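The values are calculated or read from the model by the stated rules, or taken from the named source; none is laboratory data. This is a predicted model, so every value here is computed, not measured. No Cβ is skipped: glycine too gets one built from the backbone with ideal geometry, and neighbour counts run over all protein chains shown.
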Amino acid sequence: MLWVKAFHIIFMVTWFAGLFYLPRLFVYHAMAKDPISNERFKIMERKLYYGIMMPGAVITATLGITLIYINSWAVYANAGWMHAKLTLIVILIGYHLYCGKLLKAFKEDRNRHSHVFYRWFNEFPVLLLISIIILVIIKPSL
Ligand code: HEM
């Protein structure tokens, strides 16, 4: 159980590295003017999304579900903090998939958002990370 939890956290960090860095790349990509930079950003974004973020998300979720299975769902059935955590994770997965949609738009040279949009967009996973960590560590009675 502790090994599973350790790797759950390791892959969560991997996932968040991408969730923080990909929108940063979008900021610079949205400002890029020359074709060489444009193509370079496309490669960096694709590798980050499919090589780091996707495995991070899938393995974090798989190990999280394994933790629920090991501890038994009965332990969490009445735990408001776990329900809140799972709700935030659904939102986080939505954010992750939306990043994929934005990546596709950049790939096809049809991005319509400004770098300012991506700067704000970049802040959203910070709020989710802070909220989820507080929920799992403090386990507030909700
Ligand atoms: C589908 C996704 C996820 C599921 C099903 C899941 C489930 C779980 C479960 C069952 C535990 C053990 C909780 C306990 O009894 O103490 C756990 C621990 C933990 N999870 Fe997740 N989790 C998921 C995603 C995440 C994400 C996205 C984060 C961070 C943003 C995260 C951070 C943590 C941390 C830090 C712990 C260790 C808490 C502790 O024991 O002190 N998890 N997770």
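Of the residues A79, A30, A105, which single one is touching a His at 6+ places or on another chain (Cβ under 9 Å) and surrounded by fewer than 16 Cβ atoms within 10 Å (Cβ to Cβ)? Don't jump to the end; show me each part of the working.
Numbers: A79 fails: touching a His at 6+ places or on another chain (Cβ under 9 Å); A30 fails: surrounded by fewer than 16 Cβ atoms within 10 Å (Cβ to Cβ).
That would be A105, the only listed residue that is touching a His at 6+ places or on another chain (Cβ under 9 Å) and surrounded by fewer than 16 Cβ atoms within 10 Å (Cβ to Cβ).
Suppose the filter is in contact with a Cys (Cβ under 9 Å, 6 or more places away or on another chain), assigned to a helix (DSSP H, G or I) and either modelled with pLDDT of 95 or more or not hydroxyl-bearing (S, T, Y) (or both); does Y21 pass it? Please lay out each step first, then the result.
Details: in contact with a Cys (Cβ under 9 Å, 6 or more places away or on another chain): no; assigned to a helix (DSSP H, G or I): yes; either modelled with pLDDT of 95 or more or not hydroxyl-bearing (S, T, Y) (or both): yes.
Criteria not met by Y21.
So which of K33, K42 is over 30 Å from K5 (Cα atoms), outside any helix (DSSP H, G or I) and of a type outside the set (V, I, T)? Full working, then the answer.
Numbers: K42 fails: outside any helix (DSSP H, G or I).
Exactly one of K33, K42 is over 30 Å from K5 (Cα atoms), outside any helix (DSSP H, G or I) and of a type outside the set (V, I, T), namely K33.
Can you find even one residue in the stretch 126-142 that is at negative phi, at pLDDT below 95 and aliphatic (A, V, I, L, M)?
Scanning the stretch 126-142, I find at least one residue that is at negative phi, at pLDDT below 95 and aliphatic (A, V, I, L, M), so the answer is yes.
List the pairs whose first member sits in the stretch 74-99 and is touching a residue at least 12 places away in the same chain (Cβ under 8 Å) and on the phi < 0 side of the Ramachandran plot, whose second member is away from the ligand (no atom under 12 Å from the Cβ) and among the aromatic types (F, W, Y), and whose Cβ atoms are under 7 Å apart, counting only residues at least 6 apart or on separate chains?
Here the result reads Y95/F124; C99/Y49, each pair linking the stretch 74-99 to a residue that is away from the ligand (no atom under 12 Å from the Cβ) and among the aromatic types (F, W, Y).
Starting from the stretch 1-23, keep only residues that are within 23 Å of K42 (Cβ to Cβ) and without any contact (Cβ under 8 Å) to a residue 40 or more places away in the chain, then list their pairs with residues that are surrounded by fewer than 18 Cβ atoms within 10 Å (Cβ to Cβ) and among the hydrophobic types (A, V, I, L, M, F, W, C) whose Cβ atoms are within a distance under 7 Å, requiring at least 6 positions of separation or different chains.
Note: pairs meeting the criteria are A17/I52; G18/I52.
Out of the residues in the stretch 1-38 that are more than 12 Å from the ligand (Cβ to nearest atom) and among the β-branched types (V, I, T), which is farthest from N122 (Cα to Cα)?
I36
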